[in-house]
Every structure is written in structure tokens, then in C-alpha cells.
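Trainee: Pasting a structure below so you can have a look.
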Amino acid sequence: MLCEKCKTNMIHVCENSVQGWSCPVCGWGTLTTYIDKIHQDMTEYSICTKSITNIDKDKIKVISKIAGVNYIVAKQMLEKEGICILKAKAVDIKKAICELENVNIPFEVIPEFNYC
């Protein structure tokens, strides 16, 4: 796309909730609203834990935070396989996935989650 003012090739911009075209020379541009697909997804996802071999305090803290339970209950949840720790929309599931991966907790998301 060429700039209407100086006829330079414009660059595509997509940041946060805005997308459009911007001229790198004169700064002229056109913008519109952009809503990421993850924010439009109304599916309710579930995160379930898989078998965990070594349970430590970091894993207990993460499960406690995600599931909204105390440390004793979080430890009990980690000791069992297939426990659902969170049911939520895609944005919250993505945040929880990052936390689980940071402490190496194996998990499964149902249905299939395509935003990682």
C-alpha cells in the first residue's frame, strides 16, 4: 500500500487492539480496531493435571493460585492424576498454561487449545 501523501510504501502495524498502515517517511497512516481471536473465543476450556512425580513447594503454590485453593488442597490435587484445576475462557487458560509450564507441571487442556 502506498502513502497518500508521499507515495512511499507503508508498513502494516498491529499492536494491542489497533491495526492499520503507517508511513515510515511522513508518519501518515490509517488505523482501525483489532480484537485478537483469543479475546473473541467464548469456549470454556478445562485444564487437568497429569501424573506428577516430584511435588515441590513451587508446584503447590502455582496450583493453589490457579485453582484458588489452600496449599494442603493444592498438594492433594497434585497427588492425583486428571484433576481439573481450572475452567475458564481462553485468555485465563493461556495465563495458567504459562504458569504451569514455568514449574514443569504436566497438564492437558480440553477441548484442544490453539493459542500457545
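Readers should treat all values here as calculations from the given coordinates under stated rules, not as data from a laboratory. It should be emphasised that the depicted structure is a prediction, and the values quoted were computed from it without experimental measurement. Note that each Cβ is placed from the backbone with ideal geometry, even for glycine, and that neighbours are counted across all protein chains shown.
Trainee: Would you look at the GNM of the chain, springs on alpha carbons closer than 10 Å, and say which of GLY68, GLY82, GLY20 moves the most?
Mentor: Its mean-square fluctuation being the largest, the pick is GLY20.
Trainee: GluC sites (Glu not before Pro) within the stretch 8-116: which are DSSP loop residues with at most 15 other Cβ atoms inside 10 Å?
Mentor: Values: sites: GLU15, GLU44, GLU79, GLU81, GLU99, GLU101, GLU108, GLU112; in loops: GLU44, GLU81, GLU112.
Filter output for the stretch 8-116: GLU44, GLU81, GLU112.
Trainee: Defining a contact as two alpha carbons under 8 Å apart and six or more residues distant in sequence, what relative contact order in percent does the chain show?
Mentor: With pairs under 8 Å counted, the relative contact order is 25 percent.
Trainee: With springs connecting C-alpha atoms under 10 Å apart, model the chain as a Gaussian network and identify which of THR43, THR53, THR32 has the largest mean-square fluctuation.
Mentor: Its mean-square fluctuation being the largest, the pick is THR32.
Trainee: Mind pulling the angle between the C-alpha long axis of helix 90-102 and the longest principal axis of the chain? Nearest 10 degrees, somewhere in 0 to 90.
Mentor: Tilt of helix 90-102: around 60 degrees.
Trainee: While we're looking at this one, here's another question. With semi-axes √(5λ) of the Cα gyration tensor in Å defined as stated, name the option among (i) 44, 14, 11; (ii) 39, 24, 11; (iii) 65, 10, 10 computed from the structure displayed.
Mentor: From the options (i) 44, 14, 11; (ii) 39, 24, 11; (iii) 65, 10, 10, the structure gives (i).
Trainee: Next question. Pulled fully out, how much extra length does the chain show between LYS75 and LYS50, if you take 0.36 nm times their separation in residues and subtract their Cα-Cα distance?
Mentor: 7.6 nm
Trainee: Apply the Karplus parameterisation 6.51 cos²θ - 1.76 cosθ + 1.60, with θ equal to phi minus 60°, to every residue of the stretch 35-51 and state each ³J(HN,Hα) to the nearest whole Hz, in sequence, with x for glycine and proline.
Mentor: 10, 4, 4, 5, 7, 8, 6, 9, 5, 9, 9, 10, 10, 10, 6, 10, 4
Trainee: Hey, another quick one. Going Cα to Cα from LYS65, which aspartates and glutamates come in below 12 Å? Please leave out same-chain ones fewer than 8 positions away.
Mentor: Partners found: GLU99.
Trainee: Would you mind checking which residues have amide H under 5 Å from VAL13's amide H? H placed 1.01 Å from N; only 5 or more apart, or other chain.
Mentor: GLY20, TRP21, SER22
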